[in-house]
Structure formats: C-alpha cells, structure tokens
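The values are calculated or read from the model by the stated rules, or taken from the named source; none is laboratory data. From a predicted model like this one, the values you see are computed outputs, not experimental measurements. Quick reminder, even Gly has a Cβ in these numbers, built from the backbone with ideal geometry, and neighbours come from all protein chains shown. Please note that ligands, DNA and RNA were not included when accessible areas were found on the heavy atoms of the full protein model with its side chains. Shrake-Rupley method; radii C 1.70, N 1.55, O 1.52, S 1.80 Å.
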Amino acid sequence: MPSYAFRCRGCGDTFEVNRPMAQSSDPAVCPNGHDDTVKLLTTFATVSRGGGGMPAAAPAPGPSGGGCCGGGCCA
C-alpha cells in the first residue's frame, strides 16, 4: 500500500499515511488532531546493482556568442 506524506499547517508536523491509491487525494488528520493538512510532493528513487558506475557529467556549455559584447558587434 502506498505511503503519502502530509504536513500539518496547525503544528508544522510532517507525517505519513498508508492508504490505497484510490484514496490518495483524501484529506488526512494530523496525529495531534488538527485537520488543516496539505499533502506533500514526494520523490521516488531506485538503486541499480548493475555493472555501470556513475554516469558522466554533461560538459558545461561554452560561450554562445551573440549580444553586444560577445558577438563582435562592438566597434
């Protein structure tokens, strides 16, 4: 069953609720009894045990020219 994270606007606590996906948008009550809560956006990551290492970082973009001082339009 998926777990959804919520934050209570009343006391600031963050808590998780396990519920079916069909109920993912339903409001949640804070464990301290407050009902002014907001569902948080959570991220999901996977870890692979394959033979690859870390992917190579993309090179930084070079100068693109253009503009008054970068494109040769200044006299």
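If the Cβ limit is 7 Å and pairs must be 6+ apart or interchain, which residue in segment 15-40 that is free of Cβ contacts under 8 Å to residues at least 12 places away in the same chain and farther than 12 Å from TYR4 by Cα pairs with which residue that is among the charged types (D, E, K, R) and surrounded by 13 or more Cβ atoms within 10 Å (Cβ to Cβ)?
The qualifying pairs do not exist here.
So how many residues does segment 30-67 have that are modelled with pLDDT under 95 and either in contact with a helix residue (DSSP H, G or I) (Cβ under 8 Å, 6 or more places away or on another chain) or β-branched (Val, Ile, Thr) (or both)?
The total comes to 6.
Among the residues of segment 1-25, write down those that are assigned to a strand (DSSP E or B) and out of contact with any Cys (no Cβ under 7 Å at 6 or more places or on another chain).
Of everything in segment 1-25, those that are assigned to a strand (DSSP E or B) and out of contact with any Cys (no Cβ under 7 Å at 6 or more places or on another chain) turn out to be SER3, TYR4, ALA5, PHE6, ARG7, THR14, GLU16, VAL17, ASN18.
Kindly indicate whether PHE44 is of a type in the set (A, V, I, L, M, F, W, C) and either touching a Leu at 6+ places or on another chain (Cβ under 6 Å) or surrounded by 11 or more Cβ atoms within 10 Å (Cβ to Cβ) (or both).
Criteria not met by PHE44.
With respect to GLY12, determine if the residue is modelled with pLDDT under 75 and out of contact with any Lys or Arg (no Cβ under 7 Å at 6 or more places or on another chain).
No: the conditions fail for GLY12.
Identify, by number, the condition in (1) outside any loop (DSSP other than H, G, I, E, B); (2) open to solvent by less than 90 Å² (accessible area, probe 1.4 Å) that ALA28 doesn't meet.
The failed condition is (1).
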